[in-house]
Amino acid sequence: MRLERQSLKLLTEAIERLEDGFSNLPEIRQDLDLDRMRNVILEVAERMQDNFPYFHPYYAGQMLKPPHPVARLAYALSLWINPNNHALDGGRASSQMEKEAVSQIAEMFGWRTCLGHLCGGGTMANLEALWVSGRLKPGKKILASEQAHYTHRRITEVLGLSFESVACDRQARMDVKALERILRRQEVGTVVATIGTTATGSVDPLSDIVKLQAEYGFRIHADAAYGGYFVLADNLDAETRKAFDCLGGVDSIAIDPHKHGLQPYGCGCILFNDPAVGSLYKHDSPYTYFSSKELHLGEISLECSRAGASAVALWATLRFMPLSRQGEFAEGLAKSRRSAVRLFEKISSDSRFMIPFAPELDIVVWAPSEESASAISRRSREIFSELEKEDIHLAIADLPEALLTNTWPHIKWDQARVTCLRSCLMKPEHLDWVDSIWEKILGVL
Ligand SMILES: *Cc1c(COP(=O)(O)O)cnc(C)c1O
């Protein structure tokens, strides 16, 4: 079997249980044209065959994987109600489940009294964080590293804030010296620390950034959309761990349950350390309103209608696999990281490849050994396409010359960027498959 369906029989049982809660209502006649639906839905199944196999360990490319079966079932089950978490009237149970799930995520960072909610994804979460930053530090700049997600620059354009990017060090992390040079100009309101960059999984040196905050007084927003959950992993390198251990001290955190939290798309999360920022969302409400038990999530969110299903799926997943440092969920993350380390060791001991730095999380970036940026790029694309024919799906990443020039001094930079190979080993099962993926890579050389 390639696509899981053992769990489906639980869905019928659960729908019956859900219906028990409404047995006081008169029955509704249901006349479905099942034959016509069947035709359509089988056509959908055929259309959906046109996809990369994100669910399979042979897919080791972009940040894509299926949700946990329990998330999928809970999401589907909730669609028989279709709650809207904008207001309590639209989804009483799912709003409560959202509050509980968000508190568990917050507790993972040691936060007990924060303000937070789910949202459409990392882009929305970052947008809310930078919107709050702009309100609290009007006229001041937002900084993020050159390897930060491109969304930050675009969000600041939407919000009418000014933005500047900070150079990176050799590990694609924010260069603290470059940061301090900008801070001296006294124009900075917020520094975005990326906790797991999208291209390479690099973690900005948060402990140094926190130290600079004491001197320069800016806000810190952690974009942990990809990497946030790795706070639970027990096998990070010491420096990476140090950054994660500082997360509790930042002002806001964006984290994507739909990336490493085993959720269907449409599930991001924003957390603010100081619940008083809630007052920014609604001018005519005193802050006490927001801390009341009857909080409508729509009062602390920029989005209005939101899928209650996302909250239900997340709640179910956390119930099944709590966010503890010892549990099954943490072990899954540790396995992804072990897969990346294993692939890194294989690549770095083979002279046919070059690897710029060791992975900090579960993303590995490497390149075929060639003499020029153009030759590396060409060969990377060839390997990428050859592997695709073998059903192995990697990704490619374009990195700038400035990032690699000291690491690869022998390379002729005949173009400003170089295309490398990239793998997100996001699935715990990758650990059992990384050797066969490596064999396939060697097979196409
Ligand atoms: C994915 C990602 C984002 C954007 O999040 P979406 O969920 O795709 O909207 C922002 N920052 C980082 C670091 C990411 O990895």
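A few points about this structure:
- Residue that is nearest to the ligand (Cβ to nearest atom), among those in the range 213-241 that are within 22 Å of Lys259 (Cα to Cα) and part of a helix (DSSP H, G or I): Gly228
- Test: residue in the range 175-191 that is in contact with a Phe, Trp or Tyr (Cβ under 9 Å, 6 or more places away or on another chain) and within 12 Å of the ligand (Cβ to nearest atom): no
- Residues of the range 388-434 satisfying the condition of being open to solvent by 40 Å² or more (accessible area, probe 1.4 Å) and β-branched (Val, Ile, Thr): Ile396, Thr405
- Flag not set for Asn39, criterion: under 22 Å from Leu206 (Cα atoms) and in a helix (DSSP H, G or I).
- Any hit, the range 72-82, residues being out of contact with any His (no Cβ under 7 Å at 6 or more places or on another chain), part of a helix (DSSP H, G or I), among the aromatic types (Phe, Trp, Tyr) and more than 16 Å from the ligand (Cβ to nearest atom): yes
- Looking across the range 109-153, the residues that are open to solvent by 20 Å² or more (accessible area, probe 1.4 Å), under 27 Å from Phe329 (Cβ atoms) and more than 11 Å from the ligand (Cβ to nearest atom) come down to Gly110, Arg112, Thr113, Cys114.
- One residue from Thr198, Thr156 being within 16 Å of the ligand (Cβ to nearest atom), closer than 19 Å to Phe357 by Cβ and in the same structural domain as Leu314 (by TED's automatic domain parsing): Thr198
- Residue pairs meeting the criteria (Cβ under 8 Å; at least 6 apart or on separate chains; first open to solvent by 20 Å² or more (accessible area, probe 1.4 Å), in the range 306-325; second at pLDDT below 95 and part of a helix (DSSP H, G or I)): Arg306/Leu297
The values are calculated or read from the model by the stated rules, or taken from the named source; none is laboratory data. Just so you know, these numbers come straight off a predicted model, no measurement behind them. Glycine also receives a Cβ, built like all others from the backbone with ideal geometry; neighbour counts cover every protein chain displayed. The area values use the complete protein model at the heavy-atom level, side chains included, leaving out ligands, DNA and RNA. Shrake-Rupley method; radii C 1.70, N 1.55, O 1.52, S 1.80 Å.
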